[in-house]
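Okay, so here's the structure we're looking at.
The values are calculated or read from the model by the stated rules, or taken from the named source; none is laboratory data. All values derive from a computational prediction rather than experimental measurement. Reconstructed Cβ throughout: ideal geometry from the backbone, glycine too, with neighbour counts over all protein chains shown. Side chains included, ligands, DNA and RNA excluded: accessible areas come from the protein's heavy atoms. Shrake-Rupley method; radii C 1.70, N 1.55, O 1.52, S 1.80 Å.
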Amino acid sequence: MAPDEKDVPHRLEAALTAAGDVAYDWNLATDAIAWHGSVASMLGVADAGVIATGRALAGRLNPDDLLLRQQRLNAHWTRRTTFDCEFRVRADNGGFAWVHDRGTAVFEETGRPVLMHGVWRLITGRKAQELRLEHAANYDELTGHFNKKRLREALDHIVSSSLRSASAGAYLAVGIDKLTAVNDALGYEAADAVIVAVGQRLDRCLRVSDVIGRVGGDRFGIVLANCAEEHVAVAAEKILSAASHLPIATASGPVYVTVSIGSATFPEQAKTSYEVMTRAETALAEAKRAGRNCFIPYRLSEEQQRQHRMGMALGERVQRALREGRLVFAYQPVVDTDTGAVDYYECLLRMIGEDGSIIAAGEFVPIIEQLGFIRVIDRHVLEKAVAEVAAHPGICLGFNISGLTATDYAWLRAITTLLRGKPDIAR
């Protein structure tokens, strides 16, 4: 026996209620929205009437989500892409409910959208869990500062920027002196209170642009961007003074604290986050050996300074050769051992020196990698190889790139862009 068609809306409402979802029909001509299901209870609003039109609903959306939702709608209406969007809707109490909206439009013969049908699902709980996981992945649970992983990522970004802009910066390794003794004498709660208090004092005595993270049990790391070497000592002295100025209140009584600081500058003393952090930690260990409660900067040995000057000079030569078109290929045939025929040619990068000499890649590529310029060179290699294949149809070329570039998504996009519409080049 066929079900009574009059019961269909009631069964739809019951199914939506059981699933915890709501459905809607949005008349784009009149802007009226008809809701099916308990949308008021889902969003925490008085009744569905407060969002009975598209304009009223837009007024309830979090301002940060408005543009994204409109872009997704426009893409669906003009290019018929899937409409799938997550956004926040303001409740009557001022809080926000996260919803997942999936919908589809009904179009006239002219292609103009006239209706939208869709379903909302409440995802506030999932979003809260995602935020908790994201916070745990990036921030120290005790102090709220960056954790070591996130601090290193920030340092990587700032070091790369300093290399591009020829600006200077520094990394400070800050260690709380004798924290183990506090833990042994007063307990871990007192030690935790000391760690939190020292982190707060670091926040107060540094610039807004400085980045702070907790990298170990008793250690913090601080990134000073756009900071000349002569100003690093000033920042360190502020930290030393702030840390020891007043005792820290704990449940077991006041605790007097000092810190030791080691620093390394970039790009002068190091070109990667690993080098910067390692050298600052070396200087911190020296500060602790020197009696603690002091600041010691990392110093390059005379041989290291000589190697650094040579590396910088070579880097300038390579960049000049790139601008002047003196980075070229030497083509090495790779032969099939069975047939003796040339399978393809390997493009070996060479630099033509100012005096006309040929310089092999092994003499300058390792330095370029240290200086952070290797992605620029690899992009040049890619563009040159594609141009050679385009100019000599039928030739097969292979070329080498750095491991750093191989894991760079920008490199993949560059390949895709260069080869788009050229199926005869890539195989």
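By how many nm would the segment from residue 404 to residue 226 lengthen if fully extended, with 0.36 nm per residue of separation less the alpha-carbon distance?
61.6 nm
Taking the highest mean first, how do the peptides 403-413, 268-278 order by number of other beta carbon atoms within 10 angstrom per residue?
Numbers: 403-413: 12.4, 268-278: 19.8.
Per-residue mean Cβ counts within 10 Å order the peptides as 268-278, 403-413.
So between residue 292 and residue 163, what do we pick up on full extension, going 0.36 nm a residue minus the alpha carbon distance?
Taking residue 292 through residue 163 to full extension adds about 43.2 nm, to one decimal.
Using a Förster distance of 56 angstrom, determine the FRET efficiency expected from the C-beta separation of residue 66 and residue 339, and round it to 0.05. Please list the in-between numbers first.
Working: r = 64 Å, r/R0 = 1.14.
The computed FRET efficiency comes out at 0.30.
Ignoring ligands, DNA and RNA, what accessible area per residue does segment 279-385 give at 1.4 Å, in Å²?
With all protein chains present, segment 279-385 gives 58 Å² per residue.
My understanding is that a pair violates if its Cα-Cα distance is over 31 Å; which of 148/384; 148/288; 149/178; 127/149; 178/238 do that in this structure? Numbers along the way, then the final one.
Working: 148/384 39 Å; 148/288 21 Å; 149/178 25 Å; 127/149 23 Å; 178/238 20 Å.
Checking Cα-Cα distances, 148/384 exceed 31 Å.
How high is the relative contact order of segment 233-303? Use alpha-carbon pairs under 8 Å, at least six apart in sequence, and give a whole percent.
About 31 percent, as a whole number.
With the cut-off at 1.5 for a/c, could you classify segment 99-245 from its C-alpha gyration tensor as rounded, prolate or oblate?
Taking the square roots of the gyration eigenvalues as a ≥ b ≥ c, segment 99-245 is oblate.
Order of 215-225, 69-79, 95-105 by packing, highest average Cβ count within 10 Å first?
215-225, 95-105, 69-79
List the relative contact order of segment 77-121 as a percent without decimals, with contacts defined as Cα pairs under 8 Å and 6+ residues apart.
In percent, rounded to a whole number, it is 32.
Per DSSP H run of at least 4 residues, take -39500 (n - 2.57); add these up for the chain, divide by its residues and hand me the 222 nm value, nearest 500 deg cm²/dmol.
That calculation yields -14500 deg cm²/dmol at 222 nm.
Using Cα pairs under 8 angstrom and six or more residues apart, how large is the relative contact order of the chain, in percent?
Relative contact order of the chain: 9 percent.
Based on the Cβ-Cβ distance of residue 108 and residue 413, what FRET efficiency does E = 1/(1 + (r/R0)^6) give at R0 = 51 Å, to the nearest 0.05?
With R0 = 51 Å, the Cβ-Cβ based efficiency is 0.85.
Measure off, as a whole percent, the carbon and sulfur share of the 1.4 Å-probe accessible area of segment 108-176, all protein chains present.
For segment 108-176, the apolar C and S fraction of the accessible surface comes to 55 percent.
For residue 180 and residue 153 in one chain, what is 0.36 nm times their gap in residues minus the Cα-Cα distance, to one decimal in nm?
6.8 nm
For the pair residue 47 and residue 238, what calculated FRET efficiency results from E = 1/(1 + (r/R0)^6), where r is the Cβ-Cβ distance and R0 = 56 Å, to the nearest 0.05?
Numbers: r = 57 Å, r/R0 = 1.02.
Here the calculated transfer efficiency is 0.45.
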